[in-house]
Amino acid sequence: MIKKIAIANWKENPGTETRAARLFRAAMAAAGRAKNVAVAVCPPFVYLERLSEMLRRQPKARLALGSQDVFWEEKGPYTSEIGPAMLRRLGARFAIIGHSERRRWLHETDAMVNKKLKLALADGLGVVLCVGEPASVRRKGIAAAKNYVGSQLRKDLSGLRKPKSGIRGLIVAYEPIWAVGTGNCDNPEDAREMSIFIRNILKSKFSFADPVVLYGGSVDSDSIGGYVKYKEIGGALVGGASLKSGEFGKITNKISKANVQP
Ligand code: PGA
């Protein structure tokens, strides 16, 4: 049975290291309880060292750490940027790349995403690539959304050859922009249709053997079951709900109990 994946994206939260450690302890416990779910947490950079130290002290913890971004150069005169080897040394196994909030607020382009993704993978840092269409596109229908996301994928993955799938290789998260942080989830059938579409592109254009596509956008413990019951949806990228005490644990629990349709 293929494991489902639950990744917490804490974004610019929580405000203190003490709260980060508390949240992380709860996530470690949830990961320990959730059978058949690979659980990961992506905290702000500044908490990585402390949290990976907590992981080292719990060698049996079944949890991975990731970062929320990475730069496209290993080192050099790039003020504030952090390269993949630095992140690996801090305990990150993968990086989220191309999140819609970075594309929006930091004006990250597909060309930048492509450079980041290539260096990270070459360096042994896994990648969770985020793609998704804005509301103005989705209003035109799902065909328009496919067009938009297809073009994003072709640009973001340009030049990539036979990448590995999974958390140590490459995973794609389908996150419609209008659903991120709005409380307005995509409906599971449409998310499934988009996942199938993305998986087909990954197989046909980029030679992925068994691509993994996650759904993200206002997922919580009430809605998660509707997505992960589909075999084409490999799990979820969870933002806001991963910061609420107990809620991320409920989500991982529901994923582990999901009745996946054959
Ligand atoms: P959300 O965020 O769950 O708060 O919508 C998801 C994400 O941005 O990855």
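The values are calculated or read from the model by the stated rules, or taken from the named source; none is laboratory data. From a predicted model like this one, the values you see are computed outputs, not experimental measurements. Positions of Cβ are backbone-derived with ideal geometry, glycine not excepted, and every protein chain shown enters the neighbour counts.
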I'd like to know if the stretch 202-223 contains one or more residues that are assigned to a helix (DSSP H, G or I), free of Cβ contacts under 8 Å to residues at least 24 places away in the same chain and aliphatic (A, V, I, L, M). no
Output the qualifying pairs, or none if there are none: Cβ atoms under 6 angstrom, residues six or more apart or on different chains, first residue in the stretch 8-21 and part of a strand (DSSP E or B), second residue surrounded by 10 or more Cβ atoms within 10 Å (Cβ to Cβ). A8/V41; A8/V238; A8/S242; A8/F248; N9/C42; N9/L237; N9/G239
Here the qualifying pairs (Cβ atoms under 9 Å; residues six or more apart or on different chains; first in the stretch 105-118 and over 17 Å from L87 (Cβ atoms); second among the hydroxyl-bearing types (S, T, Y) and surrounded by fewer than 17 Cβ atoms within 10 Å (Cβ to Cβ)) come out as D110/S151; D110/S158; A111/S158; N114/S158
Which residue is nearest to the ligand (Cβ to nearest atom), if the candidates are limited to the stretch 22-47 and must be outside any helix (DSSP H, G or I) and farther than 14 Å from T252 by Cα? C42
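Listed here are the residues, each with its yes/no results for (1) touching a strand residue (DSSP E or B) at 6+ places or on another chain (Cβ under 6 Å); (2) within 11 Å of the ligand (Cβ to nearest atom).
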| site | (1), (2) |
| --- | --- |
| V149 | yes, no |
| R154 | no, no |
| L157 | no, no |
| S165 | no, no |
| G181 | no, yes |
| D186 | no, yes |
What residue, among those in the stretch 135-187 that are at pLDDT below 95 and of a type in the set (D, E, K, R), is nearest to the chain's Cα centre (by Cα)? R168
Pairs only if they're at least six apart or on different chains, beta carbon under 8 angstrom, first in the stretch 169-192 and farther than 13 Å from R138 by Cα, second among the acidic types (D, E) and more than 12 Å from the ligand (Cβ to nearest atom); list them, first residue then second. R192/E232
Checking the conditions here, which among R161, R168 is farther than 15 Å from A145 by Cα, part of a loop (DSSP other than H, G, I, E, B) and touching a Gly at 6+ places or on another chain (Cβ under 8 Å)? R168
Which one is surrounded by the most Cβ atoms within 10 Å (Cβ to Cβ), of the residues in the stretch 218-240 that are under 18 Å from L63 (Cα atoms) and within 11 Å of the ligand (Cβ to nearest atom)? A236
Of the residues in the stretch 241-259, those that are over 21 Å from Y174 (Cα atoms), outside any loop (DSSP other than H, G, I, E, B) and more than 11 Å from the ligand (Cβ to nearest atom) number 3
Search the stretch 188-210 for residues being modelled with pLDDT under 95 and of a type outside the set (A, V, I, L, M), and hand back the single one that is surrounded by the fewest Cβ atoms within 10 Å (Cβ to Cβ). S204
Residue, surrounded by the fewest Cβ atoms within 10 Å (Cβ to Cβ), within the stretch 35-50, restricted to residues that are within 22 Å of E175 (Cβ to Cβ) and either free of Cβ contacts under 8 Å to residues at least 12 places away in the same chain or of a type in the set (A, V, I, L, M) (or both): A38
